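Structure first, commentary second.
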Amino acid sequence: MTALTNQARVAAPPATARPSFFRHTAYLTLRQLRAAARVPAFVVMNVVQPLIWLLLFGQLFTSVVDIPGFTGGDNYLEFLTPGIVMMMALFGSAWAGTSYIQDMDRGVMDRFLTSPTSRGAMMVSTLVYQALLTLVQSLIVLGVAWLGGARFDGGLGGILILLLAAMLLTASFSALSNAAALLARNQNVLIGISQLITIPLMFLSSALMDTSLSADWVAEVARFNPFEWAVVAGREALGASPDWASVWGHLGLLAVFTAVLAWVATRAFRVYQRST
Amino acid sequence: MAASSDGMALVAADLVKTYSQGRGTPPLRALDGLTFQTEEGTVFGLLGPNGAGKSTTVKILSTLARPDSGTAMVAGIDVGRHPGRARSAIGFVAQKQVSDPMDTGVENLVLAGQLHGMSTRAARSRAGELLERFALTSAARRQVKTYSGGMARKLDVAIGLMHRPQVLFLDEPTTGLDPEARAEMWAEIERMSREERMTVLLTTHYLEEADRLASRLAIVDAGRVVTEGTPEQLKSELRGDAVVIELHEASVISRVLESLGRLGGFRDAAAEGRAVRARADDGGAALPLLLAALDAEGIAVASATVSRPSLDDVYLAHTGHSFAAVHAGSSADARTELEEVAS
Ligand SMILES: Nc1ncnc2c1ncn2[C@@H]1O[C@H](COP(=O)(O)OP(=O)(O)OP(=O)(O)O)[C@@H](O)[C@H]1O
Ligand SMILES: [Mg+2]
């Protein structure tokens with residue numbers, strides 16, 4: 001190779017970075033959908049627990065709505081459903097990094113990293129896949145809630161916004177889980193970190209209980225909780241007269257939060273490679 | 001450096017890589033100034049005991065790991081400065097399996113092609129071609145988790161070849177293959193470097209494999225190249241063929257040793273039971289003279305053999321252990337003996 005051809009190669013544009021990001025995202029998302037389609041039980045399994053919560057809590061706490069000061073309407077199941085959808089999204093995405101751990105153990109990760117595969121696509125494809133999983137599972141939960149008697153005044157538009165919020169929530173916490181996987185490289189550590197984060201977030205929110213009934217500080221802290229943003233956006237949108245400023249405001253916050261986490265998590269590939 | 005690396009498909013210059021081993025222990029020096037170059041279109045072999053640093057070298061050259069210091073270049077591209085461009089030029093077959101067990105053989109291949117920018121159609125037809133070449137066509141639509149170890153290994157190599165890389169890294173590609181599959185793999189590697197002018201970096205624990213495939217090889221120990229050259233060079237550096245004379249009775253041994261001394265041309269003569277071993281630069285020419293001399297003295301010879309030094313002898317000389325012993329024992333004492341050899 002002469003110096004001249006070297007120069008020519010340097011001058012060539014860096015192998016069209018943008019288009020390959022989208023194509024790579026599509027190919028890698030399809031790979032994960034293929035794997036899910038081969039084990040469909042997996043998708044359904046993840047919905048069983050949320051459904052149990054929905055029916056159990058829905059039955060146990062029907063009279064919560066009668067507590068003076070409860071501002072979440074007069075049907076607890078209707079209040080609960082968006083909370084359960086978001087809890088499912090949160091806990092499901094905490095496991096997202098597992099597929100990275102598997103890829104590391106199987107050598108697939110190293111192969112991708114030594115090929116021109118876009119790092120951004122490796123990250124975003126898993127977020128898209130997890131979000132699609134949440135979409136399917138959320139529809140199942142909504143269907144069961146409807147059978148249980150819940151009626152949502154927000155209609156189709158409200159449901160679409162709830163789904164969007166659930167998918168954004170999934171994407172953001174999947175990115176976090178992926179980053180933890182890249183840094184820890186260990187399934188047990190990953191699960192430990194995830195639970196450390198997700199459980200407190202769930203309780204510091206209005207997913208199960210109207211925060212106006214909790215201690216003041218809970219409501220205060222919940223305002224900074226991304227999980228709460230998703231719950232509020234979803235619940236408002238399903239209501240009869242949504243506060244649109246609140247809905248779009250919280251969705252916007254979630255979108256920014258997701259973008260930042262996805263970017264940070266993509267940077268974690270560097271750390272992974274440094275310790276390889 | 002730039003001038004001398006022209007026409008070199010692979011350059012590793014002074015690579016140093018340390019791994020931290022946790023608090024309280026000093027970092028492990030996996031590579032300690034490792035240096036070698038490979039010409040385009042050749043097969044270069046890396047040999048060495050477990051933990052010598054072969055896989056670490058492959059990981060650095062293939063952009064997966066970053067060296068602490070030193071330069072790595074593939075196909076004229078500096079791996080540290082332009083990893084993205086280097087990745088388009090290389091194929092990577094790691095020591096462990098790299099295919100996705102949940103996907104089928106075809107799906108693995110097509111995805112690899114697509115990620116390298118091939119159209120789906122081109123990737124499909126290339127995948128079909130490679131499956132055929134590696135005798136995997138009948139298993140193409142099965143999930144890889146149902147493959148035998150050998151089948152999965154062949155698929156790994158096929159994945160590395162999808163985009164017709166300029167440089168292919170094969171980290172122990174034939175470990176776990178049966179003799180027939182190994183011979184097929186050898187033929188395929190030879191064909192690729194010959195017909196497609198592909199440069200191959202091959203690490204292996206099979207000396208026979210290195211001898212047959214590699215046009216040049218380096219023996220690595222404790223993160224450094226301890227010797228490098230063509231297999232023939234390395235063997236002839238040992239200076240001389242092994243000559244073994246077996247006698248009917250041990251009593252004549254001292255007379256045989258005297259004859260050897262008188263004749264000249266023999267070195268390192270030593271008795272071993274009823275046999276005498278020595279080295280000679282040209283064993284084929286020296287042996288008849290020796291036999292004639294012994295005959296003249298009336299000494300009866302039971303058998304006489306001349307053998308060229310094997311790569312195993314070379315490995316032994318440079319790492320201080322025979323190949324089998326290295327694999328059984330630790331590499332720590334291999335290192336001290338190596339230093340003795342070097343000094
Ligand atoms: N990710 C890592 N973290 C810590 N130490 C590592 C890592 N990878 C390799 N090492 C260490 O670096 C040294 C060189 O390892 P390497 O895998 O390069 O050896 P090798 O020559 O390929 O051996 P083998 O023949 O067993 O495959 C070993 O001591 C190994 O324990
Ligand atoms: Mg190795």
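The values are calculated or read from the model by the stated rules, or taken from the named source; none is laboratory data. Predicted model, so just to flag it, every value in this text is computed and none were measured. When we count neighbours, we look across all protein chains shown, and the Cβ atoms used for this are built from the backbone with ideal geometry, even at glycine. Note: accessible area is taken over every heavy atom of the protein model, side chains too, but ligands, DNA and RNA are not part of it. Shrake-Rupley method; radii C 1.70, N 1.55, O 1.52, S 1.80 Å.
What the table shows:
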{"item": "Inter-label distance for B:ASP78 and B:THR230, nm, one decimal - labels placed 7 Å from Cα along Cα-to-Cβ", "result": "3.4 nm"}
{"item": "Rg followed by Dmax, in Å, when chain A is reduced to its Cα trace", "result": "21.1, 83"}
{"item": "Using distinct alpha-carbon pairs, which all enter the 1/r mean, Kirkwood radius of the range B:239-308 in Å", "result": "11.7 Å"}
{"item": "Overall Cα dimensions of the range A:153-276, principal axis frame, Å, largest first", "result": "54, 31, 19"}
{"item": "Exercise: per-residue mean of other protein chain Cβ atoms within 10 Å, B:69-76", "result": "1"}
{"item": "Gyration tensor (Cα) of the range A:15-61, equivalent ellipsoid semi-axes in angstrom", "result": "38, 14, 4"}
{"item": "Above-threshold pairs, the threshold being 19 Å between Cα atoms, out of B:LYS59/B:LYS96; B:LYS96/B:LYS154; B:LYS54/B:LYS235; B:LYS54/B:LYS96; B:LYS96/B:LYS235; B:LYS17/B:LYS54", "result": "B:LYS54/B:LYS235; B:LYS96/B:LYS235"}
{"item": "Rounded to 5, the percent of DSSP beta bridges in the protein assembly as shown classed as antiparallel", "result": "70 percent"}
{"item": "Helix B:149-161 axis, angle to chain B major axis (alpha carbon atoms, nearest 10°)", "result": "70 degrees"}
{"item": "Cα extents of the range A:82-236 along the three principal axes, largest first (Å)", "result": "51, 35, 23"}
{"item": "Within chain A: Cβ-based charge dipole about Cα centre, in debye rounded to nearest 20 (Lys, Arg +1; Asp, Glu -1)", "result": "1740 debye"}
{"item": "Protein heavy-atom accessible area occluded, A/B pair - total, 1.4 Å probe, Å²", "result": "3000 Å²"}
{"item": "Residue-count net charge about B:LEU111 - beta-carbon cut-off 9 Å; Lys, Arg +1, Asp, Glu -1", "result": "-2"}
{"item": "Overall dimensions of the range B:68-135 by Cα: Rg and Dmax, Å", "result": "14.7, 42"}
{"item": "Selection from A:ILE199, A:GLY58, A:THR25, by position along the positive dipole direction of chain A (Cβ)", "result": "A:THR25"}
{"item": "Debye log10 I(q)/I(0) for the protein assembly as shown, one point scatterer per Cα, at q = 0.05, 0.08, 0.11, 0.13 Å⁻¹", "result": "-0.35, -0.71, -1.06, -1.27"}
{"item": "Estimated [θ] at 222 nm from DSSP helical runs (n ≥ 4, -39500 (n - 2.57)) normalised by residues in the protein assembly as shown, nearest 500", "result": "-18000 deg cm²/dmol"}
{"item": "Cβ-placed point charges (K, R +1; D, E -1), dipole of the protein assembly as shown about Cα centre in debye, nearest 20", "result": "1500 debye"}
{"item": "Calculated FRET efficiency for the pair A:VAL44/B:VAL244, C-beta based, R₀ 60 Å, to 0.05", "result": "0.25"}
{"item": "Computed label-point distance, nm, for sites B:ALA285 and A:LEU30 using a 7 Å Cα→Cβ extension", "result": "6.7 nm"}
{"item": "Cβ-defined net charge surrounding A:ALA179, 15 Å radius [Lys, Arg +1; Asp, Glu -1]", "result": "+4"}
{"item": "Spatial extent of the range B:1-137: Rg and Dmax, with the Cα atoms as the point set, Å", "result": "17.6, 55"}
{"item": "Fraction of antiparallel bridges per DSSP, chain B only, in percent to nearest 5", "result": "70 percent"}
{"item": "Charge dipole (debye, nearest 20) of chain B; +1 at Cβ of Lys and Arg, -1 at Cβ of Asp and Glu", "result": "1520 debye"}
{"item": "Over chain B, volume per residue of the alpha carbon convex hull, in Å³", "result": "181 Å³"}
{"item": "Neighbour net charge for B:ALA181 - beta-carbon separation under 12 angstrom, K R +1, D E -1", "result": "-1"}
{"item": "Tilt relative to chain B, helix B:332-342 - C-alpha long axis, 0 to 90 degrees, to 10", "result": "60 degrees"}
{"item": "Whether the range A:17-175 is rounded, prolate or oblate, judged on the alpha carbon gyration tensor where a/c under 1.5 counts as rounded", "result": "prolate"}
{"item": "Length released on extending from A:ALA215 to A:ASN186, taking residue separation times 0.36 nm less the Cα-Cα span", "result": "6.7 nm"}
{"item": "Leading residue at positive end of dipole, the protein assembly as shown (Cβ point charges), from B:GLY149, B:HIS318, A:LEU176", "result": "A:LEU176"}
{"item": "Which of A:ALA255, A:TRP217, A:PRO242, positive extreme of dipole for the range A:196-276 (C-beta unit charges)", "result": "A:ALA255"}
{"item": "C-alpha long axis of helix B:179-195 to longest principal axis of chain B, angle in °", "result": "70 degrees"}
{"item": "Inter-part distance where the range B:50-120 and the range A:140-209 are each reduced to a Cα centre, Å", "result": "36 Å"}
{"item": "For B:95-102, mean number of other protein chain Cβ atoms within 10 Å", "result": "6"}
